[in-house]
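Asker: Pasting in a structure now, in structure tokens, and then I'll have a few things to ask.
The values are calculated or read from the model by the stated rules, or taken from the named source; none is laboratory data. Model, not experiment: these values are computed from the prediction. Positions of Cβ are generated from backbone atoms using ideal geometry, with glycine treated the same way; all protein chains shown enter the neighbour counts.
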Amino acid sequence: MVAERRTIEREWRARTCGDVDGRRRNKGGGNAVAGLRFAGSASRAVAAEARRDELKQEEEIPAALLLVLGSQAEARKFVGVNPFCRTASYRRICTQMVSGAVNQHDASVNAIKDTIALADKLKAMVPTIEPAMAHLAPVSRDSIKKVCVSNFDNIVDNLGVGLRAVEEGDVSTATSYLSAATAGDCVDAMLEFGIGADFPLSKYSAHLTQRVDNCLAVILQE
């Protein structure tokens, strides 16, 4: 009788301990599942935050960029090379730049004014590089911004002198100042600090170079 009772007690204890261990194992498994769920939620949160940053950068690009794109779209509506753009390297863009001109003087003026408008828009885009500079020290960020603002100020000034020279018939002075209208300083500063050439300000600075080239072609065409 005593032996039977002891056997029953052992079986009861075994079941009890087994249930407790089982609950512990289940609890541990629950923690593992919860950990995986937390990790997944954290990954989704990081991805969502990255996407919000991308959208924020896109929103920070001013309407000037849309105007730049719009001018490119107009140039693609190609109806033939304008007679004043025969020697231009970028004839479709040139044709849009000199639109409405009836003589070479007017074509030159129109081309330069179009280029000045683009330079002003690009200057307004300088603040859009700030998100790409977030990892840099404040002194480096300030340096890049100052270089770019100064660069585009000089471009507008040089184009303005070139425009006045064309209006006065001084081709030599016009070509000299137009040739100096380049965004190289700003682009070089961005590249030096790791801001890629595919960044909007860098990319559309190339369009400015194309327009300056067209201006020189129109002015010098014989």
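Asker: When only residues in region 173-222 that are outside any helix (DSSP H, G or I) and aromatic (Phe, Trp, Tyr) count, which is surrounded by the fewest Cβ atoms within 10 Å (Cβ to Cβ)?
Answerer: PHE193
Asker: Name the residue, out of ASN158, ASN154, that is under 18 Å from SER202 (Cβ atoms), free of Cβ contacts under 8 Å to residues at least 60 places away in the same chain and of a type in the set (S, T, N, Q).
Answerer: Details: ASN158 fails: under 18 Å from SER202 (Cβ atoms).
Matching residue, one of ASN158, ASN154: ASN154.
Asker: Now for a separate question. Determine which single condition LEU163 fails, assuming it passes every other condition in (1) among the hydrophobic types (A, V, I, L, M, F, W, C); (2) under 30 Å from PHE84 (Cβ atoms); (3) not in a helix (DSSP H, G or I).
Answerer: Tallying (1) among the hydrophobic types (A, V, I, L, M, F, W, C); (2) under 30 Å from PHE84 (Cβ atoms); (3) not in a helix (DSSP H, G or I), LEU163 fails exactly one: (3).
Asker: Consider ALA124 against the criteria (1) surrounded by fewer than 17 Cβ atoms within 10 Å (Cβ to Cβ); (2) free of Cβ contacts under 8 Å to residues at least 40 places away in the same chain: it satisfies all of them except one. Which criterion is unmet?
Answerer: It is condition (2) that ALA124 fails.
Asker: Could you give every pair whose Cβ atoms fall below 7 Å, whose first residue belongs to region 84-102 and is on the phi > 0 side of the Ramachandran plot, and whose second residue is at pLDDT 95 or above and of a type in the set (S, T, N, Q), counting only separations of at least 6 or pairs across chains?
Answerer: Listed by first residue and then by second, the contacts come to GLY100/ASN110.
Asker: Next question. Scan region 180-208 for residues that are within 15 Å of THR128 (Cα to Cα) and among the charged types (D, E, K, R) and jot them down.
Answerer: Residues satisfying the conditions are ASP198, LYS203.
Asker: Residues that are at pLDDT 90 or above: list the helices (runs of 4 or more DSSP H) wholly contained in region 38-141 that include at least 1 such residues.
Answerer: The qualifying helices (runs of 4 or more DSSP H) are 91-97, 104-124.
Asker: Only residues that are exposed (fewer than 14 other Cβ atoms within 10 Å of the Cβ) and either in contact with a Pro (Cβ under 7 Å, 6 or more places away or on another chain) or not hydrophobic (A, V, I, L, M, F, W, C) (or both): list them for region 132-149, please.
Answerer: HIS135, PRO138, ASP142, LYS146
Asker: Same structure, new question: Regarding region 130-143, can at least one residue be identified that is of a type in the set (D, E, K, R), within 14 Å of the chain's Cα centre (by Cα) and in the same structural domain as THR173 (by TED's automatic domain parsing)?
Answerer: yes
Asker: Search region 179-202 for residues that are touching a residue at least 24 places away in the same chain (Cβ under 8 Å) and acidic (Asp, Glu) and pair each with any residue that is outside any loop (DSSP other than H, G, I, E, B) and surrounded by 12 or more Cβ atoms within 10 Å (Cβ to Cβ) when their beta-carbon atoms are under 7 Å apart and the residues are at least 6 apart or on different chains.
Answerer: That search, which allows pairs on different chains as well, returns ASP185/VAL147; ASP185/ASN151.
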